[in-house]
Amino acid sequence: MSDDGERSTPGKGLVQGLAVTLKTMTQRSTTQQYPDVEPELPPRSRGVIALLEENCTVCMLCARECPDWCIYIDSHKEEVVVPGAARSRQRNVLDRFDIDFSLCMYCGICIEVCPFDALHWTPEFEYAETDVLDLLHSKDRLGEWMRTVPPPPAHDVLGEPSKEEATAARKAAGPGAATAAKTARPAARPPARAAEPGEPEQER
Ligand code: SF4
Ligand code: SF4
């Protein structure tokens, strides 16, 4: 007897269970044979973060915005002598750039906020360790992941050209092209339609 007082047919549950088993047996299995077969992951999968060191200016934005505080950056300043300049310039040199993947929650904020495209997602996920301390990836290891970063998707042919492309096209067209485009007269307006009897005359 069920909770609501209805009398259930004996063996009904068994038949229902067997029906589910038979239905599942006839369906195609979706099991992936990992690690024998590599899974085909979408290019934008969040596997691990790669660092392109030469793009990093040590602005510290990523470390400040990381909600888990798991990015550690150290740097020093170097004098750069510019030939012909009155004073030497200073530039930041990266000494340490570590990400602790035992704390990282893969939110992607560091990649979003980096103004210089120094951080990138890669779909690579096979970096499990037996010691949790080994999940702290140094800048060299983060740099090695760069080879697994997929190429950016092709531009939409119907989309607007990027700012850089538009600038390059203007430069290629020559110095007079931009001025000519600015000073070009607007196309002549079509002659105004004559007003019908009783209709107010249009403004010219
Ligand atoms: S993905 Fe998120 S949690 Fe991980 S390092 Fe970047 S900002 Fe921090
Ligand atoms: S936000 Fe980008 S450029 Fe700035 S420190 Fe982080 S990785 Fe380097």
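The values are calculated or read from the model by the stated rules, or taken from the named source; none is laboratory data. Only a predicted model underlies this, so the values are computations on that prediction, with no experimental measurement involved. Every residue, glycine among them, receives a Cβ derived from its backbone with ideal geometry; neighbour counts consider all protein chains shown.
Miscellaneous remarks
- Scanning the range 141-158 for residues that are farther than 29 Å from ILE99 by Cβ and modelled with pLDDT under 85 gives ALA154, HIS155, ASP156, VAL157.
- Whichever residue in the range 39-75 is touching a helix residue (DSSP H, G or I) at 6+ places or on another chain (Cβ under 6 Å) and charged (D, E, K, R) and, among such residues, is farthest from GLU144 (Cα to Cα): GLU65
- When VAL58, VAL80, VAL48 are checked against the criterion of being surrounded by 10 or more Cβ atoms within 10 Å (Cβ to Cβ), on the phi > 0 side of the Ramachandran plot and among the hydrophobic types (A, V, I, L, M, F, W, C), VAL58 stands alone in meeting it.
- Yes/no for ILE99 being of a type outside the set (D, E, K, R), within 13 Å of ligand 1 (Cβ to nearest atom), in contact with a strand residue (DSSP E or B) (Cβ under 8 Å, 6 or more places away or on another chain) and free of Cβ contacts under 8 Å to residues at least 40 places away in the same chain: no
- Any chance ARG64 is over 30 Å from THR30 (Cβ atoms), basic (Lys, Arg) and more than 14 Å from ligand 2 (Cβ to nearest atom): no
- Annotation: of all residues in the range 75-94 being of a type outside the set (A, V, I, L, M, F, W, C), out of contact with any Leu (no Cβ under 8 Å at 6 or more places or on another chain) and not in a loop (DSSP other than H, G, I, E, B), the one that is nearest to ligand 1 (Cβ to nearest atom) is ASN92.
- Considering the range 37-59, the residues that are among the aliphatic types (A, V, I, L, M) and within 15 Å of ILE111 (Cβ to Cβ) include one that is farthest from ligand 2 (Cβ to nearest atom), namely VAL48.
- No other residue among PHE125, PHE116, PHE97 is in a loop (DSSP other than H, G, I, E, B) and closer than 18 Å to CYS66 by Cβ apart from PHE116.
- For the range 12-59, residues that are small (Gly, Ala, Ser) and either in a helix (DSSP H, G or I) or at pLDDT below 90 (or both) total 4.
- Test: residue in the range 102-112 that is within 16 Å of ligand 1 (Cβ to nearest atom), over 19 Å from the mean Cα position of the chain (by Cα) and either within 30 Å of ASP36 (Cβ to Cβ) or surrounded by fewer than 10 Cβ atoms within 10 Å (Cβ to Cβ) (or both): yes
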